[in-house]
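Enquirer: Take a look at the following structure, please.
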Amino acid sequence: MTMNETSPHAKGMEEYMNRGIKEVIIEHPELEKILDGYDIGCGACMVGTCLLKDIVEVHGLPPETEKALMGRITKAIYPDADIEVPEDDGKAVVRTFTYSPPVQTLVDEHVLIKRLIALIPCINESLDLTTEEGRQVVFDGIDFIKTYADSFHHAKEEDLLFKYFDEDSEIVAAFHEDHRNARDHVKNILEGVAEQDSAKVTEHLGAYMELLQGHIKREDEVLYPWMDRDLSSEQEAELARAFDEVDVKFGDVNARYGAFVAGLEKSFQ
């Protein structure tokens, strides 16, 4: 949404809409609270390179809600703007999500990943790198991350779903960056185990958990619905077939790692 071209602030707002969201929030901190009110958690994003205009578009808000949001953003940037800001605070907006079958597969895979990362505080609390058994707990968790979360799940996103979109766009690039950061945390965790550096392992396990919690929420509630709106029925069918091929390649990965996570959950009860 853009302001009326006759508005004295129209040109300025157009420039703001084409700037990175983190940069705009730093300049106008009150925007973070405004966006949070519409369940747009850009302040917590660890990348923040998405353009403000893309942030508004990608969330797929109803027209009247988007109009209200843009009124608040404009008023925050230009307090003297002659704009009537609605009384509601945006929190009454309830969004529901319906996914195409292949995208629903990715959402379902997130459930198992979320169960694993929910156990990271327990892993950190009982961390013992001085014994083979203690180190194996971390190695088993990393095996899940590298095989299930990355090679299996992220490959479906990066090698298949994302290819239908402009991967140079700030939105898609931000999710690629999350994946790269996650892999960097894994690298540091393994280094920490080799060095028997408990502080390093704890730090990067915690950082991985924090990164993935926000990343998965943004994918389920922002990226996937946005992409689903642009996928044709033919592309959905192509993705479904391609996902099936990945499943065949990885065999019983869902059952195997599902059993692993269930066992780990039981061990911490």
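Enquirer: Quickly run through region 57-98 and pick out the residues that are closer than 15 Å to Ile34 by Cα and modelled with pLDDT under 70. Write out each step before concluding.
Expert: First, the residues of region 57-98 that are closer than 15 Å to Ile34 by Cα: 59, 61, 65-79, 85-93.
Hits for region 57-98 are His59, Leu61, Val85, Pro86, Glu87, Asp88, Asp89, Gly90, Lys91, Ala92, Val93.
Enquirer: Still on this structure, please answer the following. Among the candidates Asp159, Asp166, single out the residue that is closer than 21 Å to Leu112 by Cβ, free of Cβ contacts under 8 Å to residues at least 24 places away in the same chain and in the same structural domain as Glu236 (by TED's automatic domain parsing).
Expert: Step by step, each of Asp159, Asp166 is checked, and only Asp159 is closer than 21 Å to Leu112 by Cβ, free of Cβ contacts under 8 Å to residues at least 24 places away in the same chain and in the same structural domain as Glu236 (by TED's automatic domain parsing).
Enquirer: Among the residues of region 99-127, what is the count of those that are assigned to a helix (DSSP H, G or I) and either touching a residue at least 24 places away in the same chain (Cβ under 8 Å) or among the aliphatic types (A, V, I, L, M) (or both)? Lay out the reasoning, then the answer.
Expert: Within region 99-127, the first condition is being assigned to a helix (DSSP H, G or I), and the residues that meet it are 101-117, 120-125.
Then drop every residue that is not either touching a residue at least 24 places away in the same chain (Cβ under 8 Å) or among the aliphatic types (A, V, I, L, M) (or both), which leaves 101-103, 105-107, 109-117, 120-124.
Selection size over region 99-127: 20.
Enquirer: Would you kindly identify the helices (runs of 4 or more DSSP H) lying entirely within region 181-267 that contain at least 3 residues that are without any contact (Cβ under 8 Å) to a residue 60 or more places away in the chain and crowded, with 17+ Cβ neighbours inside 10 Å?
Expert: 198-218
Enquirer: Quick check on my filter: what residues within region 224-264 are under 21 Å from Asp150 (Cβ atoms) and of a type in the set (Asp, Glu)?
Expert: Asp244, Glu245, Asp247, Asp252
Enquirer: Another question about this same structure. Just name the residue that is farthest from Asp197 (Cα to Cα) out of those in region 116-175 that are small (Gly, Ala, Ser) and surrounded by fewer than 20 Cβ atoms within 10 Å (Cβ to Cβ).
Expert: This residue is Ser169.
Enquirer: State the number of residues belonging to region 1-20 that are modelled with pLDDT of 65 or more and either farther than 19 Å from Lys67 by Cβ or more than 23 Å from the chain's Cα centre (by Cα) (or both).
Expert: Summing the residues that are modelled with pLDDT of 65 or more and either farther than 19 Å from Lys67 by Cβ or more than 23 Å from the chain's Cα centre (by Cα) (or both) in region 1-20 gives 11.
The values are calculated or read from the model by the stated rules, or taken from the named source; none is laboratory data. Just so we're clear, the structure is a prediction, and the values are computed from it rather than from any experiment. Reconstructed Cβ throughout: ideal geometry from the backbone, glycine too, with neighbour counts over all protein chains shown.
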